[in-house]
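*Asks:* What follows is a structure written as structure tokens; I'll ask about it next.
The values are calculated or read from the model by the stated rules, or taken from the named source; none is laboratory data. All values reported here derive from a predicted model rather than from experimental measurement. Note that each Cβ is placed from the backbone with ideal geometry, even for glycine, and that neighbours are counted across all protein chains shown.
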Amino acid sequence: MNKAFPRFPLVPIILFLCAWLGGVAPAFALPVQAVAVQSTPWSREARVLGTVESIGEVTLTSPVTGRVLGPFLQSGNVAAGAVVAHIAPPGLHAGILAAQARVAYARTQLERTQKLFQDGVMAQQNVDQAGLALAEARSALRALEAQSGDQVLTAPFAGTLHYLVPPGAVVNVGSPIARLAGRGEPWARAYVTPAQTQGLRVGTTVAIRAQGWQGQGLVRSVGQSARHLGLVSVYVTLPPDSPLLPGEWLQLLLPSAGGTAFRVPSLAVVMRGARSEVFVVRRGRAVAVAVEVVHTQGKDSWVTGALRAGDMVVISGNTRLDSGTPVEIRLSGSQP
């Protein structure tokens with residue numbers, strides 16, 4: 001007996017598969033807007049307030065309590081960046097020697113424990129504990145050595161130096177150590193966080209803005225200590241023709257970070273909990289790509305992730321999308 005098989009609409013199915021395999025979005029695809037991704041450089045600026053401390057003179061003060069050590073420079077003209085004095089906090093040198101001794105002892109203990117472990121006398125746990133003790137001793141030594149390097153006074157600019165205390169004097173935090181008279185060059189000082197000094201070097205160009213005036217200056221000195229309320233002092237030379245006066249406030253734009261990443265409109269970034277992603281149109285479907293936002297400026301964001309230059313990212317309707325959703329680009333473009 002012959003059975004009657006149902007007739008399926010094979011032609012529409014074949015047409016749909018051909019369209020899908022050919023990269024054409026099916027008829028029920030969601031209309032979206034998309035733009036092309038570009039890999040472009042980005043930079044971040046830190047905006048900080050500063051003051052014109054003096055046009056020709058500055059008093060260098062002690063960053064910590066301690067003894068003023070030489071060798072002292074000859075009174076008179078000194079170059080920018082010259083070491084004016086070292087300040088030794090009480091007990092710091094003895095503390096460094098003790099920390100070095102603890103590192104040596106911890107290293108010896110680790111070597112002994114490792115040998116006993118190889119002989120089967122000690123357990124792996126004992127080796128791990130000895131290694132941890134050595135790491136802690138080295139960390140303590142590095143911290144003390146960093147404190148030793150912080151206690152250095154340098155000339156923020158070239159000028160005439162005059163000491164206010166003799167060698168060997170014991171001073172408190174903020175005590176005047178020396179006076180430096182400049183050669184008529186205007187300068188400014190600002191306090192910044194330690195993180196904001198990472199991109200600063202002597203000679204770095206800094207944009208300056210003040211009321212009714214703007215210009216550029218050069219970084220002349222970056223402080224070596226963050227003991228002023230956790231901030232680091234930065235000295236900037238102003239152009240000789242600047243109209244700024246001592247005590248006047250100004251704004252400094254300090255370069256702090258930069259790099260190269262994919263530039264996309266901020267509308268393209270979708271947050272899913274703690275995860276950020278963009279949707280890329282590939283073969284007529286939206287594909288979610290995890291990204292990390294490294295910088296935002298205006299209406300654009302710079303992201304890193306598994307993207308390629310020229311990828312089309314969705315900038316409208318992306319909150320309704322899931323990875324694999326059929327889409328059709330109705331309006332596209334590229335980043336300006």
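*Asks:* Quick check on Val58: is it within 30 Å of Val170 (Cα to Cα), modelled with pLDDT of 65 or more and in a strand (DSSP E or B)? Break it down into steps so the answer makes sense when it comes.
*Replies:* Details: within 30 Å of Val170 (Cα to Cα): yes; modelled with pLDDT of 65 or more: yes; in a strand (DSSP E or B): yes.
Criteria met by Val58.
*Asks:* If you take just the strands (runs of 3 or more DSSP E) that sit entirely in segment 223-307, which of them hold at least 3 residues that are over 21 Å from Val37 (Cβ atoms)? I'd like the intermediate steps shown before the answer.
*Replies:* Numbers: elements: 232-237, 249-265, 270-272, 275-282, 285-297, 300-305.
Strands (runs of 3 or more DSSP E) meeting the threshold: 232-237, 249-265.
*Asks:* Still on this structure: Pick out, from segment 76-181, the strands (runs of 3 or more DSSP E) lying fully within it that include 2 or more residues that are at pLDDT 85 or above. Step through it out loud before you land on a result.
*Replies:* Details: elements: 76-78, 83-88, 152-154, 159-163.
In segment 76-181, 83-88 are the strands (runs of 3 or more DSSP E) which contain 2 or more residues that are at pLDDT 85 or above.
*Asks:* So which residues in segment 14-54 are out of contact with any Phe, Trp or Tyr (no Cβ under 6 Å at 6 or more places or on another chain), surrounded by 16 or more Cβ atoms within 10 Å (Cβ to Cβ) and modelled with pLDDT under 85, if there are any at all?
*Replies:* Across segment 14-54, the qualifying residues are Ala25, Ala29, Arg44, Glu45, Ala46, Val52, Glu53, Ser54.
*Asks:* How about segment 196-226: which of its residues are in contact (Cβ under 8 Å) with a residue 60 or more places away in the chain and of a type in the set (Lys, Arg)?
*Replies:* Passing the criteria: only Arg220.
*Asks:* Same structure again: Any idea which of Val68, Val11, Val64 is at pLDDT below 80, closer than 30 Å to Ala94 by Cα and out of contact with any Ser or Thr (no Cβ under 6 Å at 6 or more places or on another chain)?
*Replies:* Numbers: Val68 fails: at pLDDT below 80; Val11 fails: closer than 30 Å to Ala94 by Cα.
None of the others qualify; the one that does is Val64.
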